[in-house]
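Contents: one structure, followed by commentary.
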Amino acid sequence: MWLTLGGWDPPTRSLQDWAAGAMDRDYPALRAPEYGPDAAGELLRAGRVALFLDGLDEMPEGARSLALRRVDEARGLRVVVTSRPEEYRGALQAGMPDNTAVIELRPVRPRWAADYLLHGQTGPSRQRWEQVGAFLTHNPDSVAARALDNPLSLSLARDTYTSQDPTVLTDPSRFPTVEAVREHLIDHFLITAYPNEHQRAHAIRWLAWIAY
């Protein structure tokens, strides 16, 4: 069960109660009479549901430590919490939850990025991506290498440049910053996904609303 922590108020609700309420909201079939009055709660208490809690870093700063304590109190639940590293470390000032494994995602190294971009490529397309891969490998501190250091940017690059020449991404005069590369990839991905201008405008409006 994927839940966004922005909807949880740790001082007033336990993790189990909040998660059960979210399950009842998102899966109304659980409220069917034949399942009893608290099917969601029973599934949680029996350990039949794993919770993926997204956005600890987006909670108010004063609520993060309390949220982690409440997670720690939820014995028997299988829980994964996601956060940006700095905010997570700040939340640990009040103590680290018991029995916790911490996994920190690291940037994708240029050599691995090049391997991903070349995977499955053939013909002229492979030749163009080989140029990009060679540039990333030999210029690990370049704007392009820093922009293509994560799975999202890499997948956007592959999906956007299926027929066009991707070597333009390595041109510092066109893309002087990491943000410029990533914005370019998002813009062109939307054009690829929604070739019709009217449909694209409609999609962008809703995507912007979701992001907000």
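Yes or no: the stretch 202-210 includes at least one residue that is open to solvent by 70 Å² or more (accessible area, probe 1.4 Å), out of contact with any helix residue (DSSP H, G or I) (no Cβ under 7 Å at 6 or more places or on another chain) and not in a helix (DSSP H, G or I).
no
Of the candidates Ala39, Ala145, Ala134, the single residue that is under 21 Å from Leu3 (Cβ atoms), among the aliphatic types (A, V, I, L, M) and open to solvent by less than 90 Å² (accessible area, probe 1.4 Å) is Ala39. All conditions but one from (1) open to solvent by less than 80 Å² (accessible area, probe 1.4 Å); (2) within 30 Å of Gly6 (Cα to Cα) apply to Asp187; the one that does not is (1). Flag not set for Arg75, criterion: free of Cβ contacts under 8 Å to residues at least 12 places away in the same chain, open to solvent by 60 Å² or more (accessible area, probe 1.4 Å) and closer than 30 Å to Leu152 by Cβ. If you go through the stretch 1-36 and keep only what is in a loop (DSSP other than H, G, I, E, B), open to solvent by 70 Å² or more (accessible area, probe 1.4 Å) and not basic (Lys, Arg), you end up with Asp9, Pro11, Thr12, Tyr27.
Residue-wise test of (1) without any contact (Cβ under 8 Å) to a residue 12 or more places away in the chain; (2) in contact with a strand residue (DSSP E or B) (Cβ under 7 Å, 6 or more places away or on another chain).
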site	(1), (2)
Thr4	no, yes
Arg13	yes, no
Gln16	no, no
Pro37	yes, no
Arg45	no, no
Phe52	no, yes
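Residues that are of a type in the set (Ser, Thr, Tyr), crowded, with 19+ Cβ neighbours inside 10 Å and in contact with a helix residue (DSSP H, G or I) (Cβ under 8 Å, 6 or more places away or on another chain) do occur in the stretch 80-90. Of the residues making up the stretch 148-162, just one is without any contact (Cβ under 8 Å) to a residue 12 or more places away in the chain and open to solvent by 60 Å² or more (accessible area, probe 1.4 Å), namely Leu152. Scanning the stretch 121-159 for residues that are touching a Phe, Trp or Tyr at 6+ places or on another chain (Cβ under 7 Å) and part of a helix (DSSP H, G or I) gives Val143, Ala144, Leu154, Leu156, Asp159.
If you check Arg70 against the conditions, is it over 28 Å from Arg106 (Cβ atoms), modelled with pLDDT under 95, crowded, with 17+ Cβ neighbours inside 10 Å and over 20 Å from the mean Cα position of the chain (by Cα)? Spelling it out, Arg70 is indeed over 28 Å from Arg106 (Cβ atoms), modelled with pLDDT under 95, crowded, with 17+ Cβ neighbours inside 10 Å and over 20 Å from the mean Cα position of the chain (by Cα).
Residue by residue, here is whether (1) at negative phi; (2) at pLDDT 90 or above; (3) in a helix (DSSP H, G or I) holds:
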residue	(1), (2), (3)
Gly62	yes, no, yes
Glu86	yes, yes, yes
Asn99	no, no, no
Leu105	yes, no, no
Asp115	yes, yes, yes
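If you go through the stretch 44-59 one residue at a time, how many are open to solvent by less than 60 Å² (accessible area, probe 1.4 Å) and modelled with pLDDT of 90 or more? Looking only at that region, the number is 10. Of all residues in the stretch 103-125, those that are within 17 Å of Ala145 (Cβ to Cβ) have Cβ atoms under 9 Å from Cβ atoms of residues that are basic (Lys, Arg), 6 or more apart or on another chain, in Pro107/Arg146; Tyr116/Arg158; Leu117/Arg158; Leu118/Arg126.
The values are calculated or read from the model by the stated rules, or taken from the named source; none is laboratory data. Just so you know, these numbers come straight off a predicted model, no measurement behind them. Every residue, glycine among them, receives a Cβ derived from its backbone with ideal geometry; neighbour counts consider all protein chains shown. Side chains included, ligands, DNA and RNA excluded: accessible areas come from the protein's heavy atoms. Shrake-Rupley method; radii C 1.70, N 1.55, O 1.52, S 1.80 Å.
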